[in-house]
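Engineer: Handing you a structure now.
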Amino acid sequence: MLNKLLVFINSLVSHTNPSLTHHNSTAKPTLFVCKSCHRSSEEPQKNQPCDGTILLDQLNTLCSDKFLFDALEIKPVGCLWACNHGCVVSVASPDKPTYLFVNLTPGESATALLDFMQLYIKSPKGTVVWKQIPELLQSAIFAQIPPVVIIKETLGNSD
């Protein structure tokens, strides 16, 4: 039964995004940035951007200096559901663990995140040695989530 469920999920994923099911795919590592995050318990001032939006802008500006545009994708996300831990960023790539960073500060975190991304991209399995993680991010790591492994099988197999 589990195998059939995995095959069904695989067919859905490969139909909507074929790059997600190919081992060693050429999909770029992605830095997801919650653009609605705000570090303070206070609401952001009217007509002022949230801290997450400020961090996103800083990352996009710095990324053009540190990376070729095709090495990394930075995607804004409406909400990463960690509102008590803003600013929140997630790092993901096929066949690599996903990292979740919380309580980031816009002014200081952008450079550290891009330094981390360089280590993450260079690592074939996405694992980064703790001592190499920028010090600012060591206290911000909330989770390292193992990569999803999708087993390709035909629907005709039975349990």
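The values are calculated or read from the model by the stated rules, or taken from the named source; none is laboratory data. It should be emphasised that the depicted structure is a prediction, and the values quoted were computed from it without experimental measurement. Cβ: placed from backbone, ideal geometry, glycine included. Neighbour counts: every protein chain shown. Only protein heavy atoms, including side chains, enter the accessible area calculation; ligands, DNA and RNA are left aside. Shrake-Rupley method; radii C 1.70, N 1.55, O 1.52, S 1.80 Å.
Engineer: Express the relative contact order of region 50-121 as a whole percentage, based on alpha carbon pairs under 8 Å and six or more residues apart in sequence.
Structural biologist: That works out to 38 percent.
Engineer: So how exposed is Ser93, as accessible area in Å² (1.4 Å probe, rounded to 10)?
Structural biologist: Accessible area of Ser93: about 20 Å².
Engineer: What percentage of the solvent-accessible surface of region 78-129, computed with a 1.4 Å probe over protein heavy atoms, is contributed by carbon and sulfur atoms?
Structural biologist: Taking all protein chains in place, region 78-129 shows 57 percent carbon and sulfur surface.
Engineer: What FRET efficiency do you get for Thr105 and Ile151 if R0 is 41 Å and r is their Cβ-Cβ distance, rounded to the nearest 0.05?
Structural biologist: The computed FRET efficiency comes out at 0.50.
Engineer: Still on this structure, I have one more. Stretched out fully, how many nm does the piece from Ser139 to Cys79 gain, at 0.36 nm a residue minus the Cα gap?
Structural biologist: Length difference between fully extended and current span is 19.5 nm.
Engineer: Still on this structure, please answer the following. Of the listed pairs Lys96/Lys122; Lys28/Lys125; Lys28/Lys96; Lys35/Lys96, which have alpha-carbon separations greater than 18 Å here?
Structural biologist: Check vs 18 Å cut-off fails for Lys35/Lys96.
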